[in-house]
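Where a number appears in this text, it was derived from the coordinates with a stated rule and is not lab data. Remember, predicted model here, so these are calculated numbers, not experimental data. Using ideal geometry, Cβ is built from the backbone for each residue, glycine included, and neighbour counts are taken over all protein chains shown.
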Amino acid sequence: MRISGPDAFTVADRIFRCRGKPPSARPAGTFAIGHVIDGEQVIDQALLLIMRAPHSYTSEDVVEIQGHGGRQCARRILRCALDAGARSADPGEFTQRAFLNGRIDLVQAEAVLDLIHARSERAAAAALDQLEGRLSDRFNALYDDILLIAADIEATLDFPEDELPDTVMPDLIRRTADAVTRMETLIASWDEGHLLRDGALVVISGKPNVGKSTLLNALVGHDRAIVTGTPGTTRDTIEEDLVIGGIPIRLIDTAGLRDTDCEIERIGIQRTRSRMEKADLHIYMVDASQPIDDQEQQVIASLPPNRSLLLLNKIDLTDGSSNFSARVPSIETSLIQSAYGEQVKEMIRSILAGRMDLEARPHAAISERHRRLLSTAMDELQETRTMLEAGAEDLVALASSRMRTALEQLGAVTGRTYQEELLNNIFSRFCIGK
Ligand SMILES: Nc1nc2c(ncn2[C@@H]2O[C@H](COP(=O)(O)OP(=O)(O)O)[C@@H](O)[C@H]2O)c(=O)[nH]1
Ligand SMILES: [Mg+2]
């Protein structure tokens, strides 16, 4: 249990009894062994860790009590602390205080949440990189440079136009363009951030009975979906989480696409279609031992090339010469043999790897919130640049105010400027105690 704030030691003195000095008289960075007490009654044996402002998670005075755990013990210790004057923390409140006290910025605070929710080792490593401030550094460097450009643009306003040295404007334009390029690079990392944070949505579709559920089972490694020779066995969508090549995957097995009188199956098919639209990777399966019909031809022709995989399954039932050439990556499989599952995994990995550098050390990438702010800031900078290039003096004044707007947007990313609502939005997603 963590107690943070100016009265942390007052509470600790009331509920913790140890030999020697009371908690409030002990130095930072030490621990005491003793008992959590409720009046005269002993609740638990525990360790008490002592941290003092500003050297703690929240930058405030903090004591942490380590009891034996378990529901009853923990609840009783909490009860004692509440009776002694503490109050329950709100979700994410410790991290929020760390932010408000200036120990971390908003991008780092978000990284705490990403780290907790990380679904693969790679995602966790990227979150840690962000927590340690590597992404913030890039935002801050950009902010500082733009601030300088803005100041230099404003300085030109004090010059009579004909006295401004010739090199000044071209230099400002070049620096603005350079900042735009750096923003573009940051924005381009969104795709990677999205895959690591949200996981890649991989949707398997195809006509009934082509082997979709068999594929799901092969990929997750156990019999998750019911597989039968009866078409229409899977009527609803089935979702499973797994990790392929460090990328968290949400795998969805769908109801086969066909006309049907069954109401449940029809709703399932609607879901399939809406899932397919959102997919990061769409695996479309056909039965290679059967002629490909018109409906299948149509789907194959409309598959987006960089996020589709065509699977020609049941090649064990063919004479081995399918000769099918598609404009999207494709693979022939016989999923009743387990080796093919691995091959499909490798295909999935290599297609998704095209959207992020899997060879590189895991690094922080921007989130959707960052992307929105960055895009607005970038638009403003582009405008600034156009105005500077046009060169008229009244435009230069306008350009400098555009630049200020860009700075505000950029400042909101790391929380130099923020509104209460934004904080609520971010920290309410944390659990209590973080
Ligand atoms: N011969 C053969 N049968 C397969 C293969 N893959 C799946 N099946 C069989 O095809 C039938 C339908 O499979 P299922 O995964 O339920 O198809 P779904 O309707 O697309 O989900 C089952 O009897 C599977 O065992 C394969 O590669 N070769
Ligand atoms: Mg099925």
Report summary line: Computed from the beta carbon distance with a Förster radius of 51 Å, FRET efficiency for Lys278 and Gln45 to the nearest 0.05 stands at 0.45
Query raised in the report: Computed over the Cα atoms of the chain, what is the convex hull's projected area averaged over all directions, in nm²?
Result: 30.6 nm²
Query raised in the report: Rounded to the nearest 5, what % of the DSSP beta bridges within the chain are antiparallel ones?
Result: 60 percent
**Report entry** Size of charge dipole - the chain - debye, nearest 20, with Cβ of Lys, Arg +1 and Asp, Glu -1, no other charges
**Finding:** 2260 debye
Query raised in the report: Under a point spin-label approximation (7 Å from Cα along Cα-to-Cβ), what is the Arg429-Arg372 distance to one decimal in nm?
Result: 1.1 nm
Query raised in the report: Roughly how many nanometres apart are two label points built 7 Å out from the Cα toward the Cβ at Ala74 and Arg182?
Result: 4.4 nm
Query - Mean-position separation - Cα centroids, segment 164-215 and segment 97-155, in angstrom - result: 18 Å
Query raised in the report: Of Val227, Met347, Gly211, which is farthest on the positive side of the dipole of segment 196-353, counting Cα position, with +1 on Lys and Arg Cβ, -1 on Asp and Glu Cβ, and the Cα centre as origin?
Result: Met347
Query - Residue-span extension gain [Arg19 to Thr230] - 0.36 nm each, minus C-alpha spacing - result: 68.6 nm
Query raised in the report: What's log10 of I(q)/I(0) for segment 196-353 at q = 0.08, 0.15, 0.20 Å⁻¹, Debye sum over Cα points only, no solvent?
Result: -0.20, -0.74, -1.42
